[in-house]
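Undergrad: Below are the structure tokens for one structure; questions will follow.
The values are calculated or read from the model by the stated rules, or taken from the named source; none is laboratory data. Nothing here was measured: the structure is a model prediction, and the numbers come from that model. Heads up, the Cβs are rebuilt from the backbone with ideal geometry, glycines too, and the neighbour counts pull from every protein chain shown. Note: accessible area is taken over every heavy atom of the protein model, side chains too, but ligands, DNA and RNA are not part of it. Shrake-Rupley method; radii C 1.70, N 1.55, O 1.52, S 1.80 Å.
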Amino acid sequence: MTDTGTGRPGLPAKPSLDGLEGKWAPRWQEEGTYTFDRSQERADVFSIDTPPPTVSGSLHIGHVFSYTHTDTVARFQRMRGRSVFYPMGFDDNGLPTERRVQNLFGVRCDPSLPYDPEWEPPAKAPKQQIPISRRNFVELCDRLTVEDEKGFEALWRRLGLSVDWALTYTTIGEKSRAVSQRAFLAQLAAGQAYSSEAPTLWDIGFRTAVAQAELEDRERPGAYHKLRFHGPDGPVEIDTTRPELLPACVALVHHPGDPRFAGLTSVRTPFFDVEVPVRAHPLAAMDKGTGIAMVCTFGDLTDVTWWRDLDLDTRVVLGRDGRFLPDAPAGVPVAAYQGLAGLTVNAARTEMVRILRESGDLIGEPRPVTHPVKFYERGDRPLEIVTSRQWFIRNGGRDPGLRDGLLARGRELEWTPESMRHRYEHWVNGLTGDWLVSRQRFFGVPIPVWYPLDASGEPQHDRPLLPEDTALPVDPSSDCPPWFTEEQRDVPGGFTADPDVMDTWATSSLTPQIVTGWSTDPDLHARTYPMDLRPQGQEIIRTWLFSSVLRGDRLSGGLPWRRAVISGWILDPDHKKISKSLGNEVETPIALLDQFGSDAVRYWAAGGRPGADLAFEPAQLKVGRRLAMKLLNASKFALGLGAAVPDQAKSITEPLDRAMLGRLGEVVETATAAFGAYQHTDALQATETFFWTFCDDYIELVKDRAYGEGPGADSARAALATGLSVLLRLFAPFLPFVTEEIWSWWRTGSVHTAAWPGRDELPEGDASLLDLAGEALRQVRRAKSDRKVSMRTEVPVAEALGPADLLDRLALIDGDFRAAARIGKLELFRDRTPELVIACEF
């Protein structure tokens with residue numbers, strides 16, 4: 001290595017990109033390069049609500065894409081002098097983790113079993129799942145997520161994310177559980193949370209309730225069955241895709257304006273012969289099916305609406321296991337129902353069709369149809385609706401005033417891109433009920449509630465027992481409520497625990513509160529909240545973003561952050577969204593980082609604009625690696641010319657040098673404005689475009705002068721040093737490893753804590769001179785290429801033709817131009833052509 005005269009190690013003999021991640025990532029950690037300075041006042045802090053990735057196996061290239069975008073913003077703000085509060089979290093509670101534990105260890109949770117502190121999972125997962133206690137099951141979940149989180153952190157460090165790892169949290173950690181339970185209890189006290197026995201969307205496979213935000217429609221085959229009900233004046237025909245729910249029928253419904261059913265007040269059901277009312281409701285469609293519909297409790301969400309609006313009876317037939325209940329509902333003949341008891345939905349449908357065909361109440365044959373069916377987004381079986389006691393948080397679904405307030409919060413929030421606000425508004429306007437936050441699972445934040453038991457051992461749900469704030473977090477399944485002892489658990493006159501846990505979004509919605517110390521660290525909270533930025537994907541606007549806005553509004557009376565930046569999707573070669581659920585992932589991020597290097601992958605990712613989709617193109621990774629390698633080599637070359645001491649603006653006297661820096665000043669302004677508008681791609685494009693001009697034109701134009709002595713040489717070397725210093729800082733948010741490596745050759749400290757370049761540190765100059773020199777040089781290169789001679793070929797005489805003022809400016813850089821083009825003599829012919837023409841004589 002050569003000495004640069006700065007006390008730094010100097011220039012490597014052969015610079016390389018290989019190994020830079022392993023060199024610099026540990027050093028950044030050791031030196032605290034990205035450590036948050038919590039002594040700074042709020043105005044000097046930039047606070048980021050980083051999305052905690054779901055710990056469910058592995059990260060894919062889409063994560064690298066969006067997290068790189070956020071990191072460029074964090075690095076820019078840090079260089080602008082802000083103390084960047086940039087935590088990383090891991091979303092490790094919920095169904096995905098439970099399912100992985102079940103599959104990996106071959107176990108299932110049975111809450112009735114006692115805890116076995118000595119239990120260990122078998123070396124190989126058995127085919128038949130082993131039942132274990134809830135606490136043993138949760139311990140396995142903890143064990144698995146800790147290992148997953150290590151892998152996630154290693155990848156993020158390899159990618160160069162500038163988070164402060166001392167601020168890492170998990171959504172199942174003690175702090176998160178305490179904050180989540182405290183927020184729940186605060187909303188319960190304020191009347192914003194409540195429990196209710198109500199119809200609930202239910203996933204049979206996961207055995208849990210599901211919220212509206214977790215639904216998706218999937219096209220599935222079905223069939224319409226025409227059934228004959230019996231009216232006082234003759235048969236009444238209805239169409240249904242759920243004939244198995246006939247014993248749950250509580251009414252027929254028609255449109256109030258349909259004259260066909262005027263005066264019809266009741267009918268009797270086929271086979272079961274149960275009298276049910278006929279009612280009118282505006283949601284009934286006169287032109288759908290026969291114009292009159294069967295209302296069952298419950299076949300779909302429309303049934304729930306009609307049941308609630310018309311105050312109908314309830315006849316529940318489906319249990320939480322997806323099978324028909326053993327006992328007939330009230331009013332249904334036991335003998336008629338007995339053949340359905342214990343059957344699955346599909347088996348009951350087959351049996352009901354057979355019965356109706358034999359009774360003559362099935363008209364014709366079932367007519368095949370393909371229709372949308374509601375599924376839990378992670379499930380593989382159609383959702384059913386069962387009646388159960390659940391916890392809800394009011395979200396505006398049934399409160400127009402609250403809905404309007406949340407829409408106003410959406411308009412108050414700054415969106416990038418602005419078009420994403422419409423997705424938020426569409427979701428809020430489409431809410432049909434309050435947010436169901438309880439889940440019948442095990443690995444999650446427990447609902448912090450117990451219930452007193454009356455003398456017969458029945459829970460009194462209207463008198464919940466709550467923990468002391470200082471006791472949080474609590475697990476009601478193992479902790480006791482105040483003034484009770486363990487001996488009183490589940491006995492008459494004692495207490496029982498609420499068995500449920502919170503939906504994972506109920507905790508994730510509180511990430512702004514968790515990371516900033518709401519209710520736990522008032523000083524930190526004052527310095528970081530409300531946060532500056534929420535970066536996230538567009539598909540979770542309805543879940544994470546909306547629920548966070550709701551919790552911030554209800555708990556603190558305002559938005560939890562000032563701006564949301566929404567990322568687009570990564571598309572596969574068929575232009576489909578890349579996701580684990582679709583199974584179309586490309587190479588793993590680690591494989592790409594190994595092959596191309598982190599800076600190259602970051603370069604590709606930074607090419608995607610907020611809200612815009614980006615195709616995965618391996619060719620762009622090659623471009624990124626080429627750029628990083630060119631930055632290494634060009635920097636070594638420039639520094640080898642003597643460009644080792646920056647900030648010598650007074651010695652930069654030559655017109656071409658000042659022109660280059662004048663153009664660079666424009667780039668600084670463009671990049672700064674782009675980052676200020678959260679348009680990192682524009683900043684990268686402006687910087688990269690200038691860099692290639694700097695390498696291909698400017699360095700070639702001044703290298704002969706820089707090798708020399710005197711004021712001209714001093715000017716060239718000072719301009720090279722100044723330009724390189726600014727370029728490294730402009731590239732630093734995108735290419736952190738290669739810029740840090742080059743910076744270390746000749747500068748002290750880290751480029752990532754250096755000041756972001758400002759226009760005022762660059763001298764004024766006529767930037768068009770750089771364009772003119774570049775155009776003249778390209779014409780000479782083209783002439784040599786046309787003659788198929790080397791670019792080093794001497795040109796004895798060249799003629800420059802063009803407008804007089806253009807040639808007068810060319811004369812200002814005559815020496816640099818002739819040296820770069822290897823022109824012996826340059827003759828100027830003014831006003832011969834309207835544009836610049838360089839004619840070469842060989």
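Undergrad: Treat each spin label as a single point 7 Å out from the Cα along the C-beta direction, and report the THR35 to LYS630 distance in nm.
TA: 3.9
Undergrad: Further question on the same structure: What GluC sites (Glu not before Pro) in the stretch 692-748 are in a loop by DSSP, with at most 12 other Cβ atoms within 10 Å of the Cβ?
TA: Working: sites: GLU700, GLU709, GLU740, GLU741; in loops: GLU709.
Hits after loop and neighbour filter: GLU709.
Undergrad: Let me ask something additional. Determine the per residue accessible area of the chain with all protein chains present and a 1.4 angstrom probe, expressed in square angstrom.
TA: Numbers: 34880 Å² over 842 residues.
Per-residue accessible area for the chain comes out at 41 Å².
Undergrad: Heavy atoms only, probe 1.4 Å: what % of the accessible area of the stretch 334-470 goes to carbon and sulfur, would you let me know? Please report the intermediate quantities before stating the final value.
TA: On the way: 3260 of 6530 Å².
Carbon and sulfur atoms account for 50 percent of the accessible area of the stretch 334-470.
Undergrad: In addition: Using DSSP to define loop residues, name the chymotrypsin sites (Phe, Trp or Tyr not before Pro) in the stretch 474-559 whose beta-carbon has at most 10 other beta-carbon atoms within 10 Å. Before the final figure, lay out the partial values.
TA: On the way: sites: TRP483, PHE484, PHE495, TRP505, TRP518, TRP544, PHE546; in loops: TRP483, PHE484, TRP518.
Here the sparse-neighbourhood loop sites are TRP483.
Undergrad: If the cut-off is a Cα-Cα distance under 26 Å, which lysines reach LYS124, setting aside same-chain residues fewer than 8 apart in sequence?
TA: Leaving aside lysines fewer than 8 places away in the same chain, those within reach of LYS124 are LYS150, LYS580.
Undergrad: Could you work out what % of the accessible surface of the stretch 178-329 is carbon and sulfur, using a 1.4 angstrom probe and leaving DNA, RNA and ligands out of the count?
TA: Working: 3010 of 6230 Å².
C and S fraction of accessible area: 48 percent.
Undergrad: May I ask for the angle, rounded to the nearest 10°, between helix 655-676 and the longest principal axis of the chain, with both axes built from Cα atoms and the value confined to 0 to 90°?
TA: It works out to around 10 degrees.
Undergrad: Continuing with this model, one more query. Would you mind telling me the share, in percent, of accessible area of the stretch 15-78 contributed by carbon and sulfur at probe 1.4 angstrom? It would help to have the intermediate numbers written out before the result.
TA: Numbers: 990 of 2220 Å².
Its accessible area is 45 percent carbon and sulfur atoms.
Undergrad: Using only alpha carbon pairs under 8 Å that are at least six residues apart, calculate the relative contact order of the chain and give it in whole percent. Intermediate results must be reported in sequence, preceding the final value.
TA: Details: 1565 pairs, mean separation 121.5, N = 842.
Once normalised by length, the contact order is 14 percent.
Undergrad: Follow-up question, since we're still on this one. Given H placed 1.01 Å from N in the peptide plane, which residues other than close sequence neighbours of ARG441 have an amide H under 5 Å from its amide H?
TA: Residues meeting the amide H criterion: VAL501.
Undergrad: Where does helix 301-310 land angle-wise versus the long Cα axis of the chain, in degrees 0 to 90, nearest 10?
TA: On a 0 to 90 degree scale, this one is about 50.
Undergrad: Mean residue ellipticity at 222 nm from the helices of the chain, using -39,500 (n - 2.57) per DSSP H segment of n ≥ 4 over the full residue count, to the nearest 500 deg cm²/dmol? Spell out each step's value before the answer.
TA: Working: 25 runs with 316 residues, N = 842.
Helix contribution divided over all residues of the chain: -12000 deg cm²/dmol.
Undergrad: Could you name the aspartates and glutamates whose alpha carbon sits less than 14 Å from that of LYS576, not counting residues in the same chain fewer than 8 places away?
TA: Straight-line reach from LYS576, under 14 Å: GLU585, ASP613, GLU617.
Undergrad: Give me a comma-separated list of calculated 3J(HN,Hα) values for the stretch 488-498, in order, Karplus coefficients 6.51, -1.76, 1.60 applied at θ = phi - 60°, integers in Hz, x for any Gly or Pro.
TA: 8, 6, 6, 10, x, x, x, 8, 9, 7, 5
Undergrad: Count neighbours as other Cβ atoms within 10 Å of each site's Cβ, and list the GluC sites (Glu not before Pro) in the stretch 386-470 that are DSSP loop with at most 14 such neighbours.
TA: Details: sites: GLU412, GLU414, GLU418, GLU425, GLU468; in loops: GLU468.
Passing both the DSSP loop test and the Cβ count: GLU468.
Undergrad: Rounding to the nearest 10 and keeping the result within 0 to 90°, find how far the Cα-based axis of helix 20-31 lies from the longest principal axis of the chain.
TA: Long axis of 20-31 versus the principal axis of the chain: about 80 degrees.
Undergrad: Step by step: find N for the chain, compute 2.2 N^0.38 Å, then divide the Cα radius of gyration by it. What's the final number?
TA: On the way: Rg = 35.0 Å, N = 842, 2.2 N^0.38 = 28.4 Å.
Expressed relative to 2.2 N^0.38 Å, the Cα Rg reads 1.23.
Undergrad: Straight-line reach from LYS636: which lysines fall under 23 Å, measuring Cα to Cα and dropping same-chain residues less than 8 apart?
TA: Reachable lysines: LYS14, LYS23, LYS622, LYS703.
Undergrad: In addition: What is the antiparallel percent of DSSP beta bridges lying wholly in the chain, to the nearest 5? Display every interim value, and only then the final one.
TA: Values: 60 of 92 bridges.
In the chain, approximately 65 percent of DSSP beta bridges are antiparallel ones.
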